[in-house]
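The values are calculated or read from the model by the stated rules, or taken from the named source; none is laboratory data. All values reported here derive from a predicted model rather than from experimental measurement. Ideal geometry is used to build each Cβ from the backbone, glycine not excepted, and the neighbour counts take in all protein chains shown. Quick note on the areas: whole protein, heavy atoms, side chains included, nothing else; ligands and nucleic acids left out. Shrake-Rupley method; radii C 1.70, N 1.55, O 1.52, S 1.80 Å.
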Amino acid sequence: PHVCVVGSGPAGFYTAQHILKHHGGARVDIYEKLPVPFGLVRFGVAPDHPEVKNVINAFTQTAHSERCAYYGNVTVGRDVMVAELQQAYHAVVLSYGAEDNRVLGIPGENLSGVYSARAFVGWYNGVPENRDLKPDLSCETALILGHGNVALDIARILLSPLRLLRKTDITGGSLAALACSKVKRVWLVGRRGPLQVAFTIKELREMINLPGARPVLNATDFTGLENAIKDAPRPRKRLTELMIKTALEKPGEKMMEVQAVVAQAAAPREWGLKFQRSPQEVLPTTDGRRARAVRMALTRLEGSGDSAKAVPTGDMEELECGLVLSSIGYRSLPLDPAVPFDTQRGIIPNSSGRVEGIPGLYCSGWVKRGPTGVIITTMNDSFDTAQSVLEDLQAGVLDVAASREGFGAVESILRSRGVRPVSFSDWEKIDAAEVARGKAAGKPREKIVDPQEMLQLIGH
């Protein structure tokens, strides 16, 4: 059987890996719109979290299988249509992720100084389309809307000492901009309370321990929470206890060394969590061009736990800030009119990865279940979809007797449209160049951010 996977992030690679491992004869071709593979492992994971990127080694092993091929620089839905892939393959799996961000939908969202978390992360991580973002870092206070791990990543990058960032694969351009940054205060704002934050304890602890930055948590936000979390699941309990401890601890209460207390009190930078505030409008500077503050509605919570709803109280508050980053989630987009898409939920309607009403078409990852979870969540989800493909091969739902040419058929379509795919060995040349440039700068790699430069490098 010839199987085609669209998208080379974790969902695509884990789907391919599982099919190749459990079917001795299957061939899997992976298509990717960028020349370079690995999706959000390369472009989403924070530069100072290199250990999370180790999955790239397993993906590379999959790509090196003689039954697997990688075709980068091919945009499905433009260079080749899904129907054309279905003609060429026994099964087509859509694993193209969530390539857009949710919008706030409030006045002033388009002012200069307001950016989506997605674009900002893309800027410091080398996503080609975000390379010219040039965020304005000339203000002292930044406001991040959202209480997830991406919000904490951004806060950490904004406040990290340069000596730490210099050792990472952060892009050269963003490192230079951060070196001139005036930002010294970051507020992370959420509509709900401390019991509803979406970030995890590892990321919070890292933020609390960030050198030269002091956490500012309001004790009143946390009073009485000890009782509320008595029966909470353990991860939620530990996370809340860490916030309570950080909020209520006066420097010097636990016998820390005097230097540490002094250092903490004199820390040049600070960050804090603000709760039960819902953004209503980004307010402009007098010239009407740039962000100056965010007006927020104070909220109260109805219900408890994860299902609690934030309801405006009628009170308002303004928070001064020159930089606003909205980190309220990613969003999948329809790829091709031939594929059903639930715009409400932002997913392809499916059951166990089988696309509703279209035999032989599957989906995995964020476009299958929505943009939540970490790499391990996506791994399990992709194995589930791969299992559906294997079951359908076994049960004869997919007609393997019908010959399918796979890439042979697609190649002539791409050639007729003037599209030249990038192979995995081409990527390895780009990879080697990035690592060599990084070595010269004392970094693990210096990412190339211009696709044209990538293509030149491999002689395209």
Inset, instruction - Could you please state, rounded to a whole Å, how far the C-alpha centre of region 394-460 is from the C-alpha centre of region 13-80? - result: 10 Å
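Sorted by accessible area with a 1.4 angstrom probe, largest first, how do H460, H22, H147 fall? The partial results should precede the final answer.
Working: H460 65, H22 105, H147 20 Å².
The ranking, largest first, comes out as H22, H460, H147.
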Legend entry - Reachable lysines from K230, criterion Cα separation under 28 angstrom, eight or more residues apart if same chain: K202, K245, K250, K254, K274, K309
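If Lys and Arg each add +1 and Asp and Glu each add -1, what is the summed charge of the other residues whose beta carbon sits under 15 Å from the beta carbon of N125?
On the way: positive: R42, K53, R118, R131, R156, K443, R445, K447; negative: D48, E99, E129, D132, D153, D169, E434, E446, D450.
Net charge in that neighbourhood comes out at -1.
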Legend entry - Given charges at beta-carbon only (K, R positive; D, E negative), |dipole| of the chain in Debye: 1080 debye
Inset, instruction - Relative to the longest principal axis of the C-alpha atoms of the chain, give the angle of the C-alpha long axis of helix 10-22, reported between 0 and 90° and rounded to the nearest 10°. - result: 40 degrees
Inset, instruction - Within region 340-449, list the chymotrypsin sites (Phe, Trp or Tyr not before Pro) lying in a DSSP loop whose Cβ has at most 13 other Cβ atoms in a 10 Å radius. - result: none
Legend entry - Non-local Lys pairs in region 322-460, i.e. 8 or more apart or on different chains, that have alpha carbons under 19 Å apart: 4
Legend entry - Computed [θ] at 222 nm, helices only, for the chain once each DSSP H run of length n ≥ 4 contributes -39500 (n - 2.57): -10000 deg cm²/dmol
Legend entry - Candidate residues R214, R42, R420: accessible-area rank, largest first, probe 1.4 Å: R420, R214, R42
Legend entry - In Å², nearest 10: area of D169 left accessible to a 1.4 Å probe: 10 Å²
Inset, instruction - For helix 375-394, report the angle its Cα long axis makes with the longest principal axis of the Cα atoms of the chain; keep it between 0 and 90° and round to the nearest 10°. - result: 20 degrees
Inset, instruction - Could you list which residues have their amide H under 5 Å from that of E270, counting only those 5 or more apart in sequence or on another chain, with H placed in the peptide plane? - result: R185, V186, R214
